[in-house]
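The values are calculated or read from the model by the stated rules, or taken from the named source; none is laboratory data. Remember, predicted model here, so these are calculated numbers, not experimental data. So basically every Cβ, Gly included, is an ideal-geometry build from the backbone, and we count neighbours across all protein chains shown. Side chains included, ligands, DNA and RNA excluded: accessible areas come from the protein's heavy atoms. Shrake-Rupley method; radii C 1.70, N 1.55, O 1.52, S 1.80 Å.
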Amino acid sequence: MDDYEAKLRQLLSGNDYSTGRSRNQFRDQAPQQNYSSPDRRYRGSFQNDFDNQKLRELIRKLQQQTLPQYDRERYDTRFPTQVPLDPNQELRAKISQRYNSQSVVATLQNLDPQRAYSFYLEVNRMIDARHVQPPSYDVRTKKSLQNLIFAVENQNFLRVNRIAASPEQIHMAQNRWQQLVDQNPARSAQDAVTVLRQAADIAGSQLQMPATVVIYEFAYGSLEALDKHSRFEFTPSASGPRVDAGGNNIVGVGVQLKTHRDGAVILRTLNGGSAEQAGLQRGDVIVGVNQRSLAGLSLDEVANLVTGPAGSSVSLEVRRDSRTARVNLSRQAIRITNISETKLVDAQRKIGLIRLEKFGEGASQELDQALWKLHQQGMQSLIFDLRGNPGGLLTEAIAVSNRFVPSGKIVSTRGRYQSDNTVESATHDKTWKMPLVVLVDGDSASASEIFAAAIQENRRGLIIGRKTYGKGTVQTHFPLQSVPGTFWLTTAKFYSPTGREMAGAGVTPDIPVNMTDRELEEIGPVDQDLKAGINTIMSQRPGELVNNISSGRQASPQRFQFSG
């Protein structure tokens, strides 16, 4: 073990040392190394000043802290964008997205090797301490090396990091990284750091790649070795360009979009947005933005083209049926609420509709207001629309469920520690009593599934639509100390009222509305799910469920009482 390796182990263990302090820095070029022997240990070019006083103090601070502080009331159960099924295609897409993200790139560019290394240590320490099922260090290092192998083929990565290497140099580096993948497994954090150092040696000698970039990718490799719902969320720089208006506002034209082979199809327009004012509607397909075709672009790419600074304008090419029109819209701040729609969809039969977009902070309070508004209009039954709802806060899912479920379990969570094991049951004496149907689809996830399962398994209402996404994990947010941002880490799984594990299973509707892929993509002006919901209420089945609820828990003040 050379001196550097001994010092590094001392740093990792939190012990101080009093050796001489050299001022070696990462070198742009390192001497050629022979990586053919898997058991060989390397001296040399991974020589950042890790015994620098500032770094030692930061690492000691990280290691002496108790578990990171976090708010037990804030859980995230968001549904992330689905990615390609092919593993290599998925990895390429992740790397492209990563180095096309302003916050990710800005965080990297603000790092020096010392802070990057501290970031790597902090991430792995949190994984070891809190992840529901932490992978081995061997899995993490192999994932990190795989990231590097694919990253040096990616134009976004090469551009951001200003790497100008020949194809031969890239191929040589990839071969050497692959040899590290195939060598003896990393059995500990110290072994993982050794592999990191070797990978940085290769990057420096073959590609003149800064070691900071290698460490950054190793941190991401540790993240991506976890489940697909754990993630980093970096705080954007206040000086950089921004598209959002802050708070509960966004800047845009006011449309909710879904992927389409020719661009994006409009699911609905938002109240007060320029799209609504221009007469755009459900089923319209946006095929071009500022004379650029959208065919083949991802939904994120389309959204990036449509959004922009407040007060600016954008030209959309919109197709409706066989006709195409160009529409000029202004971008403006639009207030975003959890509930996007509250109305009577059948005034004669007094059927109400509430569309909940997300279980964000304050969702239950917004729901109270929406229910009371419909009650004043004479509502006698309710359609609760959760289609496309990606989830949100677990606490809000429980609170919303409590508005309807008079008794029984709502959800339980299980993790590695006792603090992660919870059982949530209905607690409200005042619940709303009316026939209830819930609309769901394949994009209804996490908190939406908690609510749908609570309604279904407590026999409080009927679920209509298509099988939900099946995201059954809970993410807790941990503030990062080494960089500005948050680590959303999966700390538990959740289970339905009957004890059924939700991850991968989702909620199967009581009344399926089967649609072809083409029908789901095209959307169309007629809402088949809503039509099925109205027909179900008219069939009296939801009313029968209400009448079977125990009258003891359902005796509510007049304000909450509805005839069935």
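Please go through region 398-434 and pick out each residue that is closer than 17 Å to Thr498 by Cα and small (Gly, Ala, Ser).
Ser401, Ser407, Gly408, Ser412, Ser425, Ala426
Taking the residues in region 128-158 that are of a type in the set (D, E, K, R) and more than 24 Å from the chain's Cα centre (by Cα) as candidates, determine which candidate is least open to solvent (accessible area, probe 1.4 Å).
Here the answer is Asp138.
With the requirement that a residue be assigned to a loop (DSSP other than H, G, I, E, B) and at pLDDT 90 or above, what does region 219-243 give you?
If the condition is that a residue be assigned to a loop (DSSP other than H, G, I, E, B) and at pLDDT 90 or above, then Ala225, Leu226, Ser230 are the ones that fit.
Any idea which residue in region 275-289 is most open to solvent (accessible area, probe 1.4 Å), counting only those that are of a type outside the set (Gly, Ala, Ser) and in a loop (DSSP other than H, G, I, E, B)?
My answer is Gln281.
Give me a count of the residues in region 457-474 that are in a strand (DSSP E or B) and open to solvent by 10 Å² or more (accessible area, probe 1.4 Å).
1
Among the residues of region 306-319 satisfying the criterion of being assigned to a loop (DSSP other than H, G, I, E, B) and among the small types (Gly, Ala, Ser), which is least open to solvent (accessible area, probe 1.4 Å)?
Ranking the qualifying residues of region 306-319, first place goes to Gly308.
On the basis of being touching a strand residue (DSSP E or B) at 6+ places or on another chain (Cβ under 7 Å), more than 30 Å from Ile286 (Cβ to Cβ), of a type in the set (Gly, Ala, Ser) and at pLDDT below 90, does Gly472 make the cut?
When the stated conditions are applied, Gly472 passes them.
Any residue at all in region 290-305 that is assigned to a strand (DSSP E or B), of a type in the set (A, V, I, L, M) and either within 21 Å of Asn100 (Cβ to Cβ) or modelled with pLDDT under 85 (or both)?
no
Filter region 320-342 down to residues that are surrounded by 14 or more Cβ atoms within 10 Å (Cβ to Cβ) and over 25 Å from the mean Cα position of the chain (by Cα), then give me how many there are.
Total meeting the criteria: 7.
Residues that are of a type in the set (Phe, Trp, Tyr), at least 3 per element: which helices (runs of 4 or more DSSP H) completely within region 113-186 meet that?
Those helices (runs of 4 or more DSSP H) span 113-130.
Are there any pairs, at least 6 apart or on different chains, whose C-beta atoms fall under 8 Å, with the first in region 249-270 and over 19 Å from Ile334 (Cβ atoms) and the second part of a strand (DSSP E or B) and polar (S, T, N, Q), and if so, which?
Short answer, once both residue conditions are applied: Gly263/Ser293; Val265/Thr259.
Within the set of pairs 6+ apart or on separate chains, which have a first residue in region 173-187 that is in contact (Cβ under 8 Å) with a residue 24 or more places away in the chain, a second that is in a loop (DSSP other than H, G, I, E, B) and open to solvent by less than 20 Å² (accessible area, probe 1.4 Å), and C-beta atoms under 6 Å apart?
Arg176/Tyr35; Gln179/Tyr35
What do you reckon, is Val345 over 24 Å from the mean Cα position of the chain (by Cα) and open to solvent by less than 30 Å² (accessible area, probe 1.4 Å)?
Against the criterion (over 24 Å from the mean Cα position of the chain (by Cα) and open to solvent by less than 30 Å² (accessible area, probe 1.4 Å)), Val345 does not qualify.
Can you list the helices (runs of 4 or more DSSP H) found entirely within region 479-564 that contain at least 1 residues being open to solvent by 60 Å² or more (accessible area, probe 1.4 Å), modelled with pLDDT of 85 or more and in contact with a Leu (Cβ under 9 Å, 6 or more places away or on another chain)?
Qualifying helices (runs of 4 or more DSSP H): 541-548.
May I ask you to list the residues in region 187-200 that are assigned to a helix (DSSP H, G or I) and either closer than 21 Å to Leu91 by Cα or touching a helix residue (DSSP H, G or I) at 6+ places or on another chain (Cβ under 7 Å) (or both)?
Within region 187-200, Ala189, Gln190, Asp191, Ala192, Val193, Val195, Leu196, Gln198, Ala199, Ala200 qualify.
Taking the conditions exactly as written (open to solvent by 30 Å² or more (accessible area, probe 1.4 Å) and either among the aliphatic types (A, V, I, L, M) or at pLDDT 90 or above (or both)), does Tyr216 satisfy them or not?
Criteria not met by Tyr216.
Conditions first: (1) outside any helix (DSSP H, G or I); (2) among the small types (Gly, Ala, Ser); (3) out of contact with any helix residue (DSSP H, G or I) (no Cβ under 6 Å at 6 or more places or on another chain). Ala106 passes all but one, so which condition is the exception?
(1)
With respect to Ala454, is the statement that it is in contact with a Gly (Cβ under 7 Å, 6 or more places away or on another chain) and either open to solvent by less than 10 Å² (accessible area, probe 1.4 Å) or at positive phi (or both) true?
No; evaluated as a whole, the condition is false for this residue.
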